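The values are calculated or read from the model by the stated rules, or taken from the named source; none is laboratory data. Not measured: the values here are computed from a predicted model. Virtual Cβ from ideal backbone geometry, glycine too; neighbours counted across all protein chains shown.
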Amino acid sequence: MAVAISASQRKFERVNEIIQKHNGKKSALIAILQEIQEEYRYLPEEILTYVATAMDLSPATVFGVATFYAQFSLEPKGKYIIKVCDGTACHVRGSGPLYKSIRKKVGLQDGKFTTEDMNFTVETVSCLGACGLAPVVTINEKVYGQMTPEGIEIIIEKLMGKEDNQ
Amino acid sequence: MLININHRQYEAQPGQTILDIARANGIEIPTLCHHPALSIAGACRMCVVECDNRLVASCTTPARDGMEILTDSKRVIGGRKTILDLILSDHPLDCMTCEANGDCKVQDLAYQYDLRESSFGSKRESRFSIRADNPFLEVDPDKCILCGRCVRVDHEIQCSYAIDFVHRGFDSIVGTPFEEGLDGDNSTCVFCGQCVEMCPTGALTYKPSKGKGRDYEFQKIVTTCPYCGVGCQLELHVKDNKVIKVGSVYQVGSPNPVGETCVKGRFGYGYVNHEDRLTTPLIKRNGQFEEVSWDEALDYVAQKLIQIKEIYGSKAIAGFSSAKCTNEENYVMQKFIRAVVGTNSVDHCARLCHASTVAGLARAFGSGAMTNSIGEVEESDVIFVIGSNPTENHPVIGSKIKRALKKGAKLIVADPREIELTGLADVAIYQQPGTDVALVNGLMHVIIQEGLYDQTFVEERTVNFELLESIVAGYNPEKVSAITRVPAKDIIRAARLFASANKGSIYYAMGITQHKTGTDNVLSLANLAMLTGNLGRESTGVNPLRGQNNVQGACDLGALPNVYPGYQAVNLPENKAKFEKAWGTQLSDDIGLTVVEILNAAGKDIKGLYIMGENPVLSDPDQNHVIAALESLDLLVVQDIFLTETAQYADVVLPAASFAEKNGTFTNTERRIQRVRKAIDAPGQSRYDWEIICDLAQRMDYAMSYDSAAEIMEEIAELTPIYGGIHFDRLEGTGLQWPCSSREHQGTKFLHQGQFTHGKGKFHTVSYIPPAEEPDSEYSYLLMTGRMLYHFHTGTMSRRSPAIDQYEPDAYVEINLADAKRLGIEDGERVRVTSRRGEVETYARVGERVQEGQLFMPFHYAESPANRLTNPVLDVIAKIPELKVSAVKLEKVNM
């Protein structure tokens, strides 16, 4: 089936590029969603339906894949994604208090994971595979080992300052 | 090879699983996620067995020679108990109020394995909420065991891809895109209910039957669906003389072998027990209907008919038989009109749908019916769908086409509208309405020009090829493109693709037949199939999809003005003599009038009209003319299950029994004669159609009486060669496909093998003629009419089925976005559509389903009757009206 192109094409130009890069192959759906998420920081609903139509997949299937993997988010994420490792090693070395202090520092209410200014998303992950550095936190691509609540607060303050100056 | 199960040896075939072999030999192995119609998931593990000292899932393990299997060892029982224990730990224990109580595999297994509660702790709190945003299905994820049968039936059988697993781990549910529900904007659910049939628990249930009965309280009767011509086998679940729900029938050889049906078959039963059902005969006096006794009503009708006959002659009376009624009733009706009244003016709504098929295919091949069988489409390698919207109008065939595509078949779709199949087509063609002859001639032009035709078939099996060659020579792609507005390259692509088929099949419906040139259109398709040698073999053929449950049967049984049952011409002396002898009376050899001709002659040559189960006020073209015609009659008798729009104009109304209340047979689109079985008693004093007519015949001094529908079929078999071998005792199971000449004959799966019914296939030369009415400056839009998924014909049945009418309550007209913009019409606004014959107000449905300058209206709605607008101009040969093309005006209604 031909890839459906409509008036909304321009809006989805970047998505089209990503799909075309993978030749619209259904088996590349996960890679395509990853790249789209990189572009938009999350997977917007309208993009998912567009992907489904363009790749001749049902929206239910695309949604199923997008909700299966924890790496995909259907909610917008912050500019800085802070991941606190809660694997066994990090857990025993104090990832719990670390997580709490980060949430408090960025001002997250119960049940929220992203700040209202869309600057920070805070989440836990099962294991980052850097147990020797426990407890570990990553902010976007950068890894911070042997973190303490005080240490992470300083790093976050710097990022906050950087955002305020912009 | 041999395998041992529980210390006994069993024969096994390669490819069989342990479960297959066990079940084939009556050894019980419990399953939850397995279903023979679906792919194997191996998800639930309930089917564990001990195999060479290991525990394996028997549904996924192929048999090997010498295997030692134990199906009920201590280990096996222990394993199953643990699995069930885990399932129960996340399953509510609310069997007392659960809709599935008595029809739940988890409940059965808990009972069998004696598990009262889960040892892991029971589920006290729901983790999910119940979704029931639509009128058809309720979804309770807390009861879901994630066996995936619903997902598989949706993806593999129905091919709607509406549901899938979403989320992960403990949060997994079967869900819809963005959790919008089955009726959400992004949902592709068509509410066929096959997921509910597959659900082993109460996670998926039917809403309309909620709280109305337990499975063990129902009497279950297998019968044939009363809606379209597919002829799905359905299981009516009956309690207290009411149809409570409709279950699936899984039967190899049926038109719906794996339990398929559509939303109408599944949820369209509400009309049967509807309070509007007629229960007593009515006679109109001083403009008001009065309830009368059967004696009074029938005496009155008999006396009036005799009177008309005496004053004006037999020819002043006509009858409309019914494609909704059984074969037996159609036989009795035409016999009544021919033998008792003494005229051949008996016709029915096939005149409005496939009269051109019957005429065209009979001319080309000698037999006017679908050449091949429904199931064969799955093995076609190129499928050409033209003027047919199967996923809405013959949904079970639509799904089969989608399954064929999954297997690699190629699809060509030619339709002025963007139908669902257009999106799946390899070549999509949007021809201008009414230009089909030009299009098909164009395809043949390319095929001949490029030498792609089947020379052997043409030489050995056909005549008149030279004539065809000379006429299509004038239809080069450029010329055809100018007429049809289809790009020349698409014409060439489609031609090459169809010619490349080893097994090419053509499927068509009203888009071909409902034209002034309907017969020509059909002949063109017959030409194309012969040219490419796609006839007389499996998975090929010219396949008209018939709209009504028994329109094929009504034609077969002679509810046509030119033929006796079995297409035996009334004007051939030997046929007349045969039927005169059988019926013991003089018959007329004058061909009678057709539906539209009868209405045209009403008040003039026709004084009395007897209508059985038809609703011409909504179904026939030019409504105002139809109403005037009915009003001008001296006598109008309407025999129906409801006081229809037509019955309102009747002098006498006779209450009849519905399909659920009688025995008989319907013949589906693939010529299969299937049983209709009585499930409940008819309401009030309503009676079988054939009984009513027989009583009337007696009153008109003609002895006609039968004890049962089976007895009528015996008479049919005697007089109708193609039904010669049809007897009720042979119709249990999957029925028989005509021609079936004798008791020994096994029926005919596909026609024209080796030779055509009349010897050689005849090419006909057909030239393009434009539609009678084309858009002009005043009436600038082209209106098409048709059906949509949720409703059926004049809505008498589907609109009285509450779930369906709640979902699709309003009439509409489809308008192209660009036209709507120009006229300032927003989606959902009221618009007025006007033709030279009348005007209709309806809701706008704005989108890209129709092309610019074109409109589409479904004709189901009495409040916005599309047929007030349509053009009654007729095809010269088949007398079918041009319902597909009218010129109209469109304007916004200012509120």
Screening B:Lys212, B:Lys207 for residues that are touching a Pro at 6+ places or on another chain (Cβ under 7 Å), among the basic types (Lys, Arg) and away from every other protein chain (no Cβ under 14 Å) leaves only B:Lys207
Are any of the residues in the range B:814-830 more than 27 Å from B:Leu182 (Cα to Cα), touching a Gly at 6+ places or on another chain (Cβ under 9 Å) and part of a loop (DSSP other than H, G, I, E, B)?
no
Checking B:Lys123 against (1) within 13 Å of chain A (Cβ to nearest Cβ); (2) at pLDDT below 95, the condition it does not meet:
(1)
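Per-residue answers, yes or no, for (1) of a type in the set (A, V, I, L, M, F, W, C); (2) surrounded by 15 or more Cβ atoms within 10 Å (Cβ to Cβ); (3) closer than 16 Å to B:Met46 by Cα:
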site	(1), (2), (3)
B:Leu88	yes, yes, yes
B:Cys95	yes, yes, no
B:Phe120	yes, no, no
B:Arg124	no, no, no
Failed criterion for B:Gln107 (all others in (1) assigned to a helix (DSSP H, G or I); (2) buried (at least 19 other Cβ atoms within 10 Å of the Cβ); (3) within 33 Å of the chain's Cα centre (by Cα); (4) at pLDDT 95 or above hold)
(3)
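Out of all the residues in the range B:402-418, which are within 14 Å of chain A (Cβ to nearest Cβ) and within 24 Å of the chain's Cα centre (by Cα)?
B:Lys402, B:Leu405, B:Lys406, B:Ala409, B:Lys410, B:Leu411, B:Ile412, B:Val413, B:Glu418
So is B:Cys195 surrounded by 22 or more Cβ atoms within 10 Å (Cβ to Cβ), within 14 Å of chain A (Cβ to nearest Cβ) and in a helix (DSSP H, G or I) or not?
For B:Cys195, the condition - surrounded by 22 or more Cβ atoms within 10 Å (Cβ to Cβ), within 14 Å of chain A (Cβ to nearest Cβ) and in a helix (DSSP H, G or I) - is met.
Do you know which residues across the range B:722-738 are under 26 Å from B:Gly259 (Cα atoms) and either of a type in the set (A, V, I, L, M) or in a loop (DSSP other than H, G, I, E, B) (or both)? Write out each step before concluding.
Step one: filter the range B:722-738 for residues under 26 Å from B:Gly259 (Cα atoms), giving B:726-738.
B:Ile726, B:His727, B:Leu731, B:Glu732, B:Gly733, B:Thr734, B:Gly735, B:Leu736, B:Trp738 - these are the residues of the range B:722-738 that are under 26 Å from B:Gly259 (Cα atoms) and either of a type in the set (A, V, I, L, M) or in a loop (DSSP other than H, G, I, E, B) (or both).
Wholly within the range B:572-654, which helices (runs of 4 or more DSSP H) include no fewer than the required count, namely at least 2 residues that are on the phi < 0 side of the Ramachandran plot and of a type in the set (S, T, N, Q)?
On the way: elements: B:573-583, B:595-601, B:616-619, B:623-631.
Correct list: B:623-631.
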Give the residues of the range A:34-51 that are at the interface with another protein chain (Cβ under 8 Å from one of its Cβ atoms) and of a type in the set (A, V, I, L, M), sorted by residue number.
A:Leu48
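Filter the range B:739-763 down to residues that are assigned to a loop (DSSP other than H, G, I, E, B), surrounded by 15 or more Cβ atoms within 10 Å (Cβ to Cβ) and either modelled with pLDDT of 95 or more or under 30 Å from the mean Cα position of the chain (by Cα) (or both), then give me how many there are.
First, the residues of the range B:739-763 that are assigned to a loop (DSSP other than H, G, I, E, B): B:739-755, B:757-758, B:760, B:763.
Those still in the list that are surrounded by 15 or more Cβ atoms within 10 Å (Cβ to Cβ) too: B:739-741, B:745, B:747-752, B:757, B:760, B:763.
If we keep only those that are either modelled with pLDDT of 95 or more or under 30 Å from the mean Cα position of the chain (by Cα) (or both) as well, we get B:739-741, B:745, B:747-752, B:757, B:763.
Of the residues in that region, 12 qualify.
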Check on B:Gly434, outside any helix (DSSP H, G or I) and either within 14 Å of chain A (Cβ to nearest Cβ) or touching a Gly at 6+ places or on another chain (Cβ under 6 Å) (or both)
no
B:Cys150 in contact with a strand residue (DSSP E or B) (Cβ under 7 Å, 6 or more places away or on another chain), in a helix (DSSP H, G or I), within 18 Å of B:His91 (Cα to Cα) and more than 10 Å from chain A (Cβ to nearest Cβ):
yes
Condition test on B:Val252, is it surrounded by fewer than 24 Cβ atoms within 10 Å (Cβ to Cβ) and either part of a loop (DSSP other than H, G, I, E, B) or assigned by TED's automatic domain parsing to the domain that holds B:Ala803 (or both)?
yes
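Test B:Ile726 against the criterion of being under 21 Å from B:Arg338 (Cα atoms), buried (at least 23 other Cβ atoms within 10 Å of the Cβ) and in the same structural domain as B:Val332 (by TED's automatic domain parsing), and give yes or no.
Working: under 21 Å from B:Arg338 (Cα atoms): no; buried (at least 23 other Cβ atoms within 10 Å of the Cβ): yes; in the same structural domain as B:Val332 (by TED's automatic domain parsing): yes.
So B:Ile726 fails the test.
Quickly run through the range B:1-33 and pick out the residues that are in a strand (DSSP E or B) and hydrophobic (A, V, I, L, M, F, W, C). Please lay out each step first, then the result.
Residues of the range B:1-33 that are in a strand (DSSP E or B), as a first pass: B:2-5, B:8-11, B:17.
Once the filter is applied, which keeps residues that are in a strand (DSSP E or B) and hydrophobic (A, V, I, L, M, F, W, C), the range B:1-33 yields B:Leu2, B:Ile3, B:Ile5.
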Enumeration of residues in the range B:1-24 that are surrounded by 13 or more Cβ atoms within 10 Å (Cβ to Cβ) and over 37 Å from the mean Cα position of the chain (by Cα)
B:Met1, B:Ile3, B:Asn4, B:Ile5, B:Asn6, B:Tyr10, B:Ala12, B:Ile18, B:Ala22
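Mind telling me which of the residues B:Thr261, B:Thr223 ends up being in contact (Cβ under 8 Å) with a residue 60 or more places away in the chain, buried (at least 22 other Cβ atoms within 10 Å of the Cβ), within 21 Å of B:Tyr688 (Cβ to Cβ) and polar (S, T, N, Q)? Write out each step before concluding.
On the way: B:Thr261 fails: within 21 Å of B:Tyr688 (Cβ to Cβ).
Within the list B:Thr261, B:Thr223, the selection yields B:Thr223.
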Test of understanding: among B:Asp689, B:Asp640, which residue is crowded, with 20+ Cβ neighbours inside 10 Å, in contact (Cβ under 8 Å) with a residue 40 or more places away in the chain, of a type in the set (Asp, Glu) and within 18 Å of B:His274 (Cβ to Cβ)?
B:Asp640
Scan of the range A:27-54 for residues that are in contact with a Lys or Arg (Cβ under 6 Å, 6 or more places away or on another chain) and either more than 27 Å from A:Gly111 (Cβ to Cβ) or acidic (Asp, Glu) (or both), ordered by number
A:Glu39
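Kindly evaluate B:Leu560 against the criterion of being touching a strand residue (DSSP E or B) at 6+ places or on another chain (Cβ under 7 Å) and not assigned by TED's automatic domain parsing to the domain that holds B:Ala657. Break it down stepwise before answering.
Working: touching a strand residue (DSSP E or B) at 6+ places or on another chain (Cβ under 7 Å): yes; not assigned by TED's automatic domain parsing to the domain that holds B:Ala657: no.
Taking the combined requirement at face value, the residue does not satisfy it.
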Is one or more of the residues making up the range B:874-888 part of a loop (DSSP other than H, G, I, E, B) and of a type in the set (Ser, Thr, Tyr)?
no
Can you work out which of the residues in the range B:154-178 that are within 8 Å of chain A (Cβ to nearest Cβ) and in a helix (DSSP H, G or I) is surrounded by the most Cβ atoms within 10 Å (Cβ to Cβ)?
B:Pro177
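Suppose we filter B:Asn543, B:Asn527 for residues that are assigned to a helix (DSSP H, G or I) and buried (at least 24 other Cβ atoms within 10 Å of the Cβ); which single one remains? Walk me through it before giving the result.
Numbers: B:Asn543 fails: assigned to a helix (DSSP H, G or I).
One residue alone meets the criteria, B:Asn527.
Here is a list: B:Thr391, B:Thr357, B:Thr343, B:Thr371. Which entry is away from every other protein chain (no Cβ under 14 Å) and touching an Asp or Glu at 6+ places or on another chain (Cβ under 7 Å)?
Numbers: B:Thr357 fails: touching an Asp or Glu at 6+ places or on another chain (Cβ under 7 Å); B:Thr343 fails: touching an Asp or Glu at 6+ places or on another chain (Cβ under 7 Å); B:Thr371 fails: touching an Asp or Glu at 6+ places or on another chain (Cβ under 7 Å).
Of B:Thr391, B:Thr357, B:Thr343, B:Thr371, the one residue that is away from every other protein chain (no Cβ under 14 Å) and touching an Asp or Glu at 6+ places or on another chain (Cβ under 7 Å) is B:Thr391.
Does B:Val850 satisfy being part of a strand (DSSP E or B), touching a strand residue (DSSP E or B) at 6+ places or on another chain (Cβ under 8 Å), of a type in the set (A, V, I, L, M) and not assigned by TED's automatic domain parsing to the domain that holds B:Gln514?
Details: part of a strand (DSSP E or B): no; touching a strand residue (DSSP E or B) at 6+ places or on another chain (Cβ under 8 Å): yes; of a type in the set (A, V, I, L, M): yes; not assigned by TED's automatic domain parsing to the domain that holds B:Gln514: yes.
No: the conditions fail for B:Val850.
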Subset of the range B:7-57 (residues that are out of contact with any Cys (no Cβ under 7 Å at 6 or more places or on another chain), hydroxyl-bearing (Ser, Thr, Tyr) and within 19 Å of B:Val258 (Cβ to Cβ))
B:Ser39
